[in-house]
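Visitor: Below is the structure I would like to discuss, written out as structure tokens.
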Amino acid sequence: MGYLTKYGSAWGQCPELSGNVYWVSPGATYTLEGRTYSSSDGNDGLSPERALATIAQATSNATANAGDTIMLLPGIHTVTGALAASKAGLTYRGMTYAKFPTGGAVGRPGHRPMAVILQATAATNGIACTAADLTWENITFRPITQGQAMTFSTAADRLTISNCMVDMKTPVGHANTLGIIAAATTSAPDGLYIYKTLFLEGNGGTSCGVALDIAAAVNFMVEGNTFLHDGSVGSVATWTTAVQARDNCQGAFRDNDVIAGGSTITNGFRGVTHTGAGIVQFIRNYFTVAVTNPITAWAASDVGLLNNYVATVAGGTGGTLISSST
């Protein structure tokens with residue numbers, strides 16, 4: 001089987017690793033290279049042929065801050081309560097893994113990672129990040145109606161989410177269905193990094209809530225993502241707010257696309273209860289014409305604006321430079 005080598009690349013083009021790789025199956029049985037295997041939390045999980053049955057067990061088996069990776073095989077991984085990501089330094093990756101190039105399109109609208117973490121318990125969060133140096137790559141996060149796909153606390157310093165998808169279109173629309181959300185309005189992790197991730201919303205009748213709320217995160221970077229309001233469904237509802245940031249946050253939103261297709265996004269990036277203490281930079285973000293308030297609810301002293309544009313309709317003269325955040 002092609003997963004071999006201790007110090008080279010793991011099976012399926014996983015990047016070079018210094019720690020263990022724990023494999024997790026989405027179901028009781030799974031198929032690899034034409035062969036069927038049974039998963040069990042009694043397995044060691046150290047080979048694709050001996051996969052664990054739950055992400056929780058893989059997290060338990062892993063060692064903090066030792067370079068360990070939890071590899072999710074393709075399929076729907078159902079969590080029945082909040083998955084506790086409470087062990088520092090772990091990396092969670094979805095198969096089939098492929099490292100995307102640094103350049104190219106931001107958070108591609110066609111990006112649908114095959115490993116899905118599905119929240120199955122109503123009115124709870126799917127994943128609770130409460131430790132430092134956690135990384136999530138190439139995974140689809142899917143909340144249940146009135147649930148939250150992921151929360152993070154102040155302790156989640158340097159939380160990284162890269163090349164993922166937050167699927168807020170599949171669950172039934174509700175204002176309390178949320179994406180990646182700070183656990184509290186004052187949560188202030190240092191070094192939050194959200195990169196090339198697709199946040200997808202699009203519901204008929206009622207829209208979902210906020211896709212990303214960074215609260216009071218400091219030294220954050222939200223970079224190269226797409227926030228897409230999919231208007232392909234019938235009677236798609238207006239999406240109130242795509243992204244929120246709260247008082248005392250500091251960092252930058254850079255090279256993000258906010259796309260409203262077929263219906264309106266009222267607020268692209270919205271500040272909440274800011275008092276001017278935060279330093280937030282908006283650099284090269286782009287908005288379609290149906291985003292009513294691209295950058296809103298910050299006072300002029302709260303933000304720096306550099307080359308942020310709103311599109312025009314066909315036949316126009318080009319994008320309109322945003323010169324005020326209010």
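Visitor: Using a Förster distance of 30 angstrom, determine the FRET efficiency expected from the C-beta separation of E33 and S86, and round it to 0.05.
Guide: 0.30
Visitor: In percent, how large is the relative contact order of the stretch 222-326, given Cα pairs closer than 8 Å and 6 or more residues apart?
Guide: 24
Visitor: What shape does the stretch 252-291 have by the C-alpha gyration tensor, where a ≥ b ≥ c are the square roots of the eigenvalues, rounded means a/c under 1.5, and otherwise prolate means a/b greater than b/c and oblate the rest?
Guide: oblate
Visitor: So the label point goes 7 Å from the Cα of S324 along Cα→C-beta, right? Which residues of the stretch 251-284 then have their backbone N under 20 Å from it?
Guide: Backbone N within reach: 266-276, 280-283.
Visitor: To continue, here is another question. Which is the longest stretch in the chain that no exposed loop site breaks, taking sites as GluC sites (Glu not before Pro) with a DSSP loop state and at most 16 other Cβ atoms within 10 Å?
Guide: Between the exposed loop sites, the longest stretch runs 34-326.
Visitor: Also: Would you mind checking which residues have amide H under 5 Å from T170's amide H? H placed 1.01 Å from N; only 5 or more apart, or other chain.
Guide: Those qualifying (amide H under 5 Å, at least 5 residues apart or on another chain) number zero.
Visitor: Using a 1.4 angstrom probe on the protein heavy atoms only, could you order T317, T154, T288, T140 from most to least accessible area?
Guide: T317, T154, T288, T140
Visitor: Just the number please: accessible area per residue for the chain, 1.4 Å probe, all protein chains included, in Å².
Guide: Ligands and nucleic acids excluded, the result is 39 Å² per residue.
Visitor: Separate question: Which of T59, S232, A155 sits closest to the plus end of the dipole of the chain, meaning its Cα is farthest towards the positive end, when Lys and Arg get +1 and Asp and Glu get -1 on the C-beta?
Guide: S232
Visitor: At a 1.4 Å probe radius, carbon and sulfur cover how many percent of the accessible area of the chain?
Guide: The C+S portion of the solvent-accessible surface of the chain is 52 percent.
Visitor: Multiply the residue separation of R284 and V272 by 0.36 nm, subtract the distance between their alpha-carbon atoms, and state the gained length in nm to one decimal.
Guide: Full extension from R284 to V272 adds 2.1 nm.
Visitor: A further question on this structure: Along Cα→Cβ, 7 Å out, is where each label goes; now give me the distance between the ones at T312 and T185 in nm to one decimal.
Guide: The two pseudo-label positions are separated by 4.0 nm.
Visitor: Only loop residues by DSSP count here, and only those with at most 13 other Cβ atoms within 10 Å; note down the chymotrypsin sites (Phe, Trp or Tyr not before Pro) in the stretch 179-244 that meet that. Mind showing how you got there, number by number?
Guide: Working: sites: Y193, Y195, F199, F220, F227, W239; in loops: none.
Here no chymotrypsin sites (Phe, Trp or Tyr not before Pro) fit, given the DSSP loop and packing criteria.
Visitor: Another question about this same structure. Say each of T170 and L46 gets a label point 7 Å from the Cα, pointing the same way as Cα to Cβ; how far apart are those two points in nm?
Guide: 3.3
Visitor: Please label the shape of the stretch 109-148 as rounded, prolate or oblate, based on the square roots a ≥ b ≥ c of the eigenvalues of the alpha-carbon gyration tensor (a/c under 1.5 means rounded; beyond that, a/b larger than b/c means prolate, else oblate).
Guide: oblate
Visitor: Next question, about the same structure. Would you kindly find the accessible area of V210, with a 1.4 Å probe and non-protein molecules such as ligands, DNA and RNA excluded, rounding to the nearest 10 Å²?
Guide: Its heavy atoms expose roughly 20 Å² to the probe.
The values are calculated or read from the model by the stated rules, or taken from the named source; none is laboratory data. These figures come from a predicted structure and were not determined experimentally. So basically every Cβ, Gly included, is an ideal-geometry build from the backbone, and we count neighbours across all protein chains shown. The area values use the complete protein model at the heavy-atom level, side chains included, leaving out ligands, DNA and RNA. Shrake-Rupley method; radii C 1.70, N 1.55, O 1.52, S 1.80 Å.
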